[in-house]
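The values are calculated or read from the model by the stated rules, or taken from the named source; none is laboratory data. Just so you know, these numbers come straight off a predicted model, no measurement behind them. For neighbour counting, all protein chains shown are included, and Cβ atoms are generated from backbone atoms with ideal geometry for every residue, glycine included. For accessibility, only protein heavy atoms count, side chains too; no ligands or nucleic acids. Shrake-Rupley method; radii C 1.70, N 1.55, O 1.52, S 1.80 Å.
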Number of protein chains: 2
Amino acid sequence: MESTPKKYGVVLYEGFQLIDVCGPIDVLNVLTTHVEGISLSLIAETKSPISTFPKEWPEKMGMPPFTTSQTMMPTDDFDSAPQLDVLIIPGGMGCFDPNPANVGKPNPAVVDPIVKFINKQYPKLQYLITVCTGSGIASQTGIMDGKKATTFKGAWKVIPVWRPQVTWIPKARWVVDGNIWSSSGVCSGTDLMFGFVKEMYGEKVARDIAVWMEYQRHEDPTADPFGIEEALES
Amino acid sequence: MESTPKKYGVVLYEGFQLIDVCGPIDVLNVLTTHVEGISLSLIAETKSPISTFPKEWPEKMGMPPFTTSQTMMPTDDFDSAPQLDVLIIPGGMGCFDPNPANVGKPNPAVVDPIVKFINKQYPKLQYLITVCTGSGIASQTGIMDGKKATTFKGAWKVIPVWRPQVTWIPKARWVVDGNIWSSSGVCSGTDLMFGFVKEMYGEKVARDIAVWMEYQRHEDPTADPFGIEEALES
């Protein structure tokens, strides 16, 4: 029998969305006070500081560039990262190709190295988790083909086109299919993570973390306040 | 007439809680795509990387140490930071004195330099915002004396003792008194920030940001799902 997951990792890349990463991992920070032996690696292509601002803004995606950004420090690069039990792929504007000729396509400079890392980790991963447009990145591995997944409503006309072999669910706070958990946009990743903690470590642990963090969980993954109508308007 | 606030800053210190900072500031990141000229400084005692893990864990506060941590990069130190319109003080385990002889008291190594910085900024600040135990830190300035404020439920028996001259409100998602906005614990800071954005820039901007971030706002500051009963149990 597989033991409960202990070794977590999250991928950082230039242009990740701050809450996509920090919502789920702060749940894990608090989880470590309930479950022994939890580790969490922040993994990027290099160990240099990583900005939430993309190397180049994808101008044609219909949103003006953020004028603020923050920088986090990775703990590992793709070569030095340990084999994980759970790998988290966040979303962010960095995943879109900034070349106007390729508007709405995956940004190869960001996506290709992550795809390679997922492929390296996946055979021994217990779970793959995606947040927001992170499912678009992970979909490029082919691992999600034939599986159900969801993604960011604000890119609903873009991300599913990246991999039509995935069954994209437009109304879901998050989706579980096999060992792949995918959340909808940005803040929904925090609800996914509480759902994941409940499934792995039990409701009492999940509830105790939520009370400490004063977080009201969305507990039903199918109840999506930002579902299809809004997605199709965007 | 005062213009709407543009220059934001958030204080970082060793042992800040990740979501206390990243929830509110990611709302501000997205705000910058709606309102021109917004800036955001991450300000610490020095410009060295700042960890979410305290320099020394306050063992006697009833919680085992986190076994995971993350590191963010400040943009300014307390000397180089510009005069701000809005200053945000987050909470975190770093604010508690790790010396067992001073259990439950403010950690002077963390709190004193922040108090000095608040006092320097406050005369020209438009608003002071606190998240979680950040209200305990800010209370040490005396600026909040005679005002209503709230704080982290998990330290309800500790923080109000730091400054009994403040009227501590045990059942509130957040509290506004004059130009001081204080949120309850951890994740409530994100709701405060959405409330603040609504008040400053209007409901349409706040709603558009929430839809993009797929965040369901708690819009009533007096409706507190983690109110007094839970606080007094802790």
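Worth a mention:
- Scope segment B:166-184; condition more than 21 Å from B:ARG217 (Cβ to Cβ) and in a loop (DSSP other than H, G, I, E, B); matching residues: B:VAL166, B:PRO170, B:GLY178, B:ASN179
- Of all residues making up segment A:21-54, the number that are touching a residue at least 60 places away in the same chain (Cβ under 8 Å), within 16 Å of the chain's Cα centre (by Cα) and more than 9 Å from every other protein chain (Cβ to nearest Cβ): 2
- Note on segment B:30-53: residues that are in contact with a Phe, Trp or Tyr (Cβ under 8 Å, 6 or more places away or on another chain) and closer than 30 Å to B:VAL103 by Cα total 6.
- Among the residues of segment B:197-216, those identified as facing another protein chain (nearest Cβ under 10 Å) and open to solvent by 40 Å² or more (accessible area, probe 1.4 Å) are B:VAL211, B:TRP212, B:GLN216.
- Residue-level check: of (1) charged (D, E, K, R); (2) touching a strand residue (DSSP E or B) at 6+ places or on another chain (Cβ under 8 Å); (3) within 30 Å of A:THR151 (Cα to Cα), B:GLU214 misses just (2).
- Filter pass, B:PHE16 being under 17 Å from A:ASN29 (Cα atoms) and in contact (Cβ under 8 Å) with a residue 60 or more places away in the chain: yes
- Whenever a residue of segment B:55-74 is closer than 23 Å to B:ALA44 by Cα, its partners that are among the basic types (Lys, Arg) and open to solvent by 10 Å² or more (accessible area, probe 1.4 Å), lying with C-beta atoms within less than 7 angstrom and at least six residues away or across chains, give the pairs B:PRO74/B:LYS47.
- Scanning segment A:202-214 for residues that are in contact with a helix residue (DSSP H, G or I) (Cβ under 7 Å, 6 or more places away or on another chain) and in contact (Cβ under 8 Å) with a residue 24 or more places away in the chain yields a total of 4.
- Count - residues of segment B:1-20 that are more than 8 Å from chain A (Cβ to nearest Cβ) and in a helix (DSSP H, G or I): 1
- So A:PRO123, is it over 30 Å from B:MET63 (Cα atoms) and touching a Ser or Thr at 6+ places or on another chain (Cβ under 9 Å): no
- Taken over segment A:129-161, the criterion of being within 14 Å of A:LEU87 (Cα to Cα) and either among the aliphatic types (A, V, I, L, M) or touching a Leu at 6+ places or on another chain (Cβ under 6 Å) (or both) is satisfied by A:ILE129, A:VAL131, A:ILE137, A:ALA138, A:ILE143.
Every residue, every condition in (1) in a loop (DSSP other than H, G, I, E, B); (2) open to solvent by 10 Å² or more (accessible area, probe 1.4 Å); (3) of a type in the set (A, V, I, L, M), yes or no:
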{"site": "A:ILE25", "(1), (2), (3)": "no, no, yes"}
{"site": "A:ASN29", "(1), (2), (3)": "no, no, no"}
{"site": "A:THR33", "(1), (2), (3)": "yes, yes, no"}
{"site": "A:LYS47", "(1), (2), (3)": "yes, yes, no"}
{"site": "A:PRO54", "(1), (2), (3)": "yes, no, no"}
{"site": "A:THR67", "(1), (2), (3)": "yes, yes, no"}
{"site": "A:ASP79", "(1), (2), (3)": "yes, yes, no"}
{"site": "A:GLN83", "(1), (2), (3)": "yes, yes, no"}
{"site": "A:LEU87", "(1), (2), (3)": "no, no, yes"}
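- Verdict on B:MET61 being modelled with pLDDT under 95 and either within 30 Å of A:VAL10 (Cα to Cα) or touching a Cys at 6+ places or on another chain (Cβ under 7 Å) (or both): yes
- Matching helices (runs of 4 or more DSSP H) fully within segment B:98-165 where at least 3 residues are open to solvent by 50 Å² or more (accessible area, probe 1.4 Å) and either closer than 23 Å to B:PRO65 by Cα or in contact (Cβ under 8 Å) with a residue 12 or more places away in the chain (or both): B:108-121
- The lone criterion from (1) in contact with a helix residue (DSSP H, G or I) (Cβ under 7 Å, 6 or more places away or on another chain); (2) away from chain B (no Cβ under 11 Å); (3) in contact (Cβ under 8 Å) with a residue 60 or more places away in the chain left unmet by A:THR190 is number (2).
- If you go through segment A:55-107 and keep only what is within 11 Å of another protein chain (Cβ to nearest Cβ), of a type in the set (S, T, N, Q) and farther than 24 Å from A:PRO24 by Cβ, you end up with just A:THR67.
- For segment B:78-110, the tally of residues that are closer than 18 Å to B:VAL186 by Cβ and of a type in the set (Gly, Ala, Ser) stands at 3.
- Complete set of residues in segment B:186-234 that are assigned to a helix (DSSP H, G or I), acidic (Asp, Glu) and modelled with pLDDT of 95 or more: B:ASP191, B:GLU199, B:GLU203, B:ASP208
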